[in-house]
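Novice: Just passing along the structure, written as structure tokens.
No lab work stands behind these numbers, since they all come straight from the coordinates. In this text the structure is predicted, and so the values were computed from the model without any measurement. No Cβ is skipped: glycine too gets one built from the backbone with ideal geometry, and neighbour counts run over all protein chains shown.
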Amino acid sequence: MPATPDTGTTAWWRTAAIYQIYLRSFADGDGDGVGDLAGLRSRLPYLRRLGVDALWLTPWYVSPMADAGYDVADYRDIDPVFGDLDQATAFLAEAHAHGLRVIIDLVPNHCSDRHPWFQAALADPAAPERDRFWFQPGRGEHGELPPNDWQGYFGGPAWTRTSHGDWYLHMFTPEQPDLNWESPAVRAEFEDILRFWFDLGVDGMRIDVAHGLTKKPGLPDVGPEPDPTDLPYQDTDGVHEIYRAWRRISDSYDGERVFVGEVWLPTPEQYIRYLRPDELHSAFNFDFLCGAFTAPALRKVIDETLAVHRTVDAPPTWVLSNHDTIRHVTRYGREDTTFSVSDRRHGAPSDPDLGLRRARAAALLTFALPGGVYVYQGDELGLPEVEDIPVDQLQDPTWPRSGFTDRGRDGCRVPLPWSADSPPFGFSADGAAQPWLPQPAGWKALTVEAQSADPDSTLSLYRAALALRRRFAALPGELVWLDADGLSAAEGVVAFRRGDLTCVVNLSARPVALPPGDLLLASGPIEDGRLPADTCAWLVGVTDN
Ligand code: NOJ
């Protein structure tokens, strides 16, 4: 087994800075315009230098790519567009040698319609594989209506009719049939898949749609006015037993192997049940991601997050963006800084300078908070959402599934700019195919190369902040809230002390005097000892907890 990073049995995941690799957009090693393992391996020194502790890779499995790899046809092999199993094994060893742990993406709610199980089930209504999916007769005189009224997450009915006349459930695209977790074969298969990858040396699994695996018995209609806290296709009680079984497996391995859940649920009470001590280790904090970037909203969500995680002794996480959201540089430049999957507000006016100033402040805020933190690739470059991809180049199934009303998620998935003055900006070797999504010409100022040479760049800020953050792990998990220059959170300033670290974010309209302490780092220039609006500062040397 490849060597693991040197923290042995410490609970590294409680404080880790985890960098999300959206593999097809990170770095292209073979020149086909799509990111791959060869590209990623060549950029490991960059990630080490950035100062993160672990990598989370979006799905790398064999896939027809109907949903960018979240439609898996073979859970034990790598798609040729990304590489092969030997390269994955070499990558794990190299990442570990760089001190980086690796979390891969497990997709258990659904597979690809090309998965051999689904192919067998489609071919023969008597096949044993049928029980591993949700095949149901339709309603109506001739079964011509879907079995129930569920709508898919990307829009449109959650059912597709087969050539045999019955229907199958897919909460995402028709190419992603939902697995039936009542089937013992499904449970056994995924436990085996976990062992396969843990044996190969991965340090953890991000669980896709972790709230959705089990469904309410009888698959009842949601009805005309669904209660978002009680939907028949998510957060049903049976799901917790699955994670308890998985936790027993991860605990049987050495080196603190972990699960992080993609748990999108409306209330903290529902979400926190996934983090009980015998279930998942952590989950993404979507309440924080979706909230407004205002002082009162931040204070509230931080307090609620800390309180709810304390009840189960799980580490909170802080997430600003991922491959499904609008990049926060763009969100934070808008009048309304919140995010919602049901309305991404594509094209809403956004002030790029304001968005970037706030994004830099937000990075320092999240890095100062107790728990784990996620950096989505490109956050460290201050990349904005790309809002003008020509519609004929959009790849996300959200676009057709929404009846061409929602451009979807391609704007946050544009390949990274590494170097040079024009596309592909070092993403692929010069002269190679154009990247799978077009990069804006203006990104020449945002390349890794350009930003590495500038001490005031966003990349330089991230490098400095992540290096300093390493020692924050030893600080207390509790915050002492402060006023700064007479302003409280209600008046626009988020300020707290954690051990000897003071963190202050000014979201008020006026500059504020810095609290006592020695200035360690700031997200923008300090003017005459005052912190300008939309700026965050870290100070040390004063302690009161
Ligand atoms: C959540 C993933 O993050 C997203 O990209 C994907 O489309 C859905 N789950 C379905 O797998």
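Novice: What does the extension gain come out to for Gln270 and Asp86, with contour length at 0.36 nm per residue minus their alpha carbon separation?
Specialist: 62.2 nm
Novice: Also, I was wondering about something else. Evaluate the distance, in nm, between pseudo-label points positioned 7 Å from the Cα of Val480 and of Glu191 along their respective Cα→Cβ axes.
Specialist: Placing both labels 7 Å along Cα→Cβ, they lie 5.0 nm apart.
Novice: Which length gain, in nm to one decimal place, applies between Arg49 and Val341 when the Cα-Cα distance is subtracted from 0.36 nm times their residue separation?
Specialist: 101.8 nm
Novice: For region 392-545, what's the relative contact order in percent, using C-alpha pairs closer than 8 Å and at least 6 residues apart?
Specialist: Reported relative contact order: 13 percent.
Novice: For Ser422, Ser250, what ranking results if the residue with the fewest other Cβ atoms within 10 Å of its Cβ goes first?
Specialist: Ser422, Ser250
Novice: Need one number: % antiparallel among DSSP beta bridges in the chain, to the nearest 5.
Specialist: 60 percent
Novice: Report the local net charge at Ser42: Lys and Arg +1, Asp and Glu -1, summed over other residues whose C-beta lies under 12 Å from its C-beta.
Specialist: With Lys, Arg at +1 and Asp, Glu at -1, the net is -2.
Novice: Could I ask something else about it? Using only Cα atoms, find the angle between the long axis of helix 352-368 and the longest principal axis of the chain, and express it within 0 to 90 degrees, rounded to the nearest 10.
Specialist: 90 degrees
Novice: So what's the net charge close to Gln439: Lys and Arg +1, Asp and Glu -1, counting the other residues with Cβ under 15 Å from its Cβ?
Specialist: Spelling it out: positives minus negatives among the neighbours equals -4.
Novice: Here's something else I'd like to know. Please give, to one decimal in nm, the separation of the simple spin-label points placed at His142 and Glu94, each 7 Å out from Cα toward the Cβ.
Specialist: Result: 5.8 nm between the two label points.
Novice: Would you please put 467-479, 175-187, 342-354 in order of how densely packed they are, using the mean number of other Cβ atoms within 10 angstrom per residue and starting with the highest?
Specialist: 175-187, 467-479, 342-354
Novice: Angle check, please: helix 184-200 long axis (alpha carbons) against the longest principal axis of the chain (alpha carbons), in degrees 0 to 90, nearest 10.
Specialist: With both axes taken from Cα atoms, the answer is about 40 degrees.
Novice: How high is the relative contact order of region 476-540? Use alpha-carbon pairs under 8 Å, at least six apart in sequence, and give a whole percent.
Specialist: Result for region 476-540 is 29 percent.
Novice: Over its Cα atoms, what ratio of radius of gyration to 2.2 N^0.38 Å does the chain give?
Specialist: 0.97
Novice: To continue, here is another question. Kirkwood-based Rg over Rh for region 154-296 (C-alpha set), two decimals?
Specialist: 1.00
Novice: Going by Cα centres, region 143-205 and region 259-327 are how many Å apart?
Specialist: About 25 Å separates the Cα centre of region 143-205 from the one of region 259-327.
Novice: Here is a further query. So, counting K/R as plus one and D/E as minus one, what does the shell of residues with Cβ under 14 Å around Phe196 add up to?
Specialist: Local charge sum for Phe196: -3.
Novice: Set the Förster radius R0 to 25 Å, insert the Cβ-Cβ distance between Ile526 and Ala490 as r into 1/(1 + (r/R0)^6), and round the FRET efficiency to 0.05.
Specialist: Computed FRET efficiency for Ile526 and Ala490 comes out at 0.55.
Novice: Say each of Thr405 and Asp227 gets a label point 7 Å from the Cα, pointing the same way as Cα to Cβ; how far apart are those two points in nm?
Specialist: 2.7 nm
Novice: Cut-off under 19 Å on the C-alpha distance; same-chain residues fewer than 8 positions from Lys300 excluded. Which aspartates and glutamates are left, in chain and number order?
Specialist: Once the sequence-local aspartates and glutamates are set aside, what remains near Lys300 is Glu269, Asp287, Asp336, Glu478, Asp483, Glu491, Asp534.
Novice: Please report the relative contact order for the chain, taking Cα pairs under 8 Å with a sequence separation of at least 6, and give it as a percent rounded to a whole number.
Specialist: In percent, rounded to a whole number, it is 13.
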